[in-house]
Amino acid sequence: MSRPRVVVLGAGVAGHTSASFLKRWLGDQAEVIVVSPRPDYNWIPSNIWVGVGLLKPSQVLFPLSPIYEREGITFHQARATVLHPEGHGEDLKPFLEAESTLEGHEGEALKVPYDFLVNATGPKLAFEATPGLGPKGHSLSVCTAPHAEEASRALDEAVERMKRGERQRFLVGTGHGTCTCQGAAFEYIVNLEFELRARGAGQG
């Protein structure tokens, strides 16, 4: 009899934690599979430190493959596109369709059968909910490590302007009213104020 297959969608805080505990609890009694489009795990709460230059992106990003290989978890670097909980056609076994995001294999189709599915994909960034918001608009972000690194560079430029006598105004918020990152915004404000003072640019 084949082992049941447990598929976890997403490898963020919820997905990675779920996969790790499932493997610990189930051991060899089941196959644990993670499907996530990114090759790394981002400890998102620390992006606020990247955003002020106190941490580098490499310090909040960790490659997933070595971890899962060591733990005996199957990892597919892919983006899930369609769920078939009742199978399809004559194949009544549940499965999902996905597209590979692995370098050199982008767009290749994957079919991943499962017996149990954990959907831990997390939120989708929706800067478009507020016109002009986001890195492609007129604001910065610390939602991802690359976003936070860009915010850090912008802060460096602002500090240099302040040291030349230019007055800068910082507006920190969460954009759309349904956003749930108010805590991160508050923490970033505290980090920003501390860092401005530490750099000698927080007076006045």
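Each reported figure results from applying straightforward, stated rules to the coordinates on display, with no laboratory input. Because the structure is predicted, anything quoted here is derived from the model rather than measured. For neighbour counting, all protein chains shown are included, and Cβ atoms are generated from backbone atoms with ideal geometry for every residue, glycine included.
Couple of notes before you dig in:
- Residue order, fewest to most surrounding Cβ atoms within 10 angstrom, among 138, 105: 138, 105
- At an R0 of 30 angstrom, the distance between the Cβ atoms of residue 198 and residue 174 translates into a FRET efficiency of 0.75.
- In sequence order, calculated HN-Hα J values of region 151-159 (Karplus, 6.51, -1.76, 1.60; Hz; x Gly/Pro): 5, 5, 5, 5, 5, 4, 5, 5, 5
- Placing +1 on each Lys and Arg Cβ and -1 on each Asp and Glu Cβ, with no other charges, gives region 58-152 a dipole about its Cα centre of roughly 300 debye.
- Residues 69, 149, 97 arranged by fewest to most Cβ contacts within 10 Å: 69, 97, 149
- Dipole axis of region 63-179 (+1 Lys, Arg; -1 Asp, Glu on Cβ), positive-most option in 122, 104, 133: 133
- Per residue, the chain reaches -9500 deg cm²/dmol at 222 nm when only DSSP H runs of four or more residues are counted, each adding -39500 (n - 2.57).
- The antiparallel fraction among DSSP beta bridges confined to region 5-119 stands at about 55%.
- Most simply put, the chain has about 55% antiparallel DSSP beta bridges, counting only bridges with both residues inside it.
- As a rough footprinting exposure proxy, the listed residues 141, 65 were ranked by other beta carbons within 10 Å of their own, and the order from fewest upward is 65, 141.
- Under the combined filter of DSSP loop state and at most 14 neighbouring Cβ atoms within 10 Å, region 107-204 retains these chymotrypsin sites (Phe, Trp or Tyr not before Pro): 170.
- Note on residue 163: lysines with a C-alpha under 27 Å away, same-chain residues under 8 apart excluded, are 56.
- The trypsin sites (Lys or Arg not before Pro) of region 108-151 that meet both conditions, a loop assignment by DSSP and at most 14 other Cβ atoms within 10 Å of the site Cβ, are 124, 136.
- Ranked by the mean number of other Cβ atoms within 10 Å of their residues, highest first, the peptides 35-48, 171-184 come out as 35-48, 171-184.
- Charged-residue dipole, Cβ positions (Lys, Arg, Asp, Glu), the chain about Cα centre, Debye nearest 20: 780 debye
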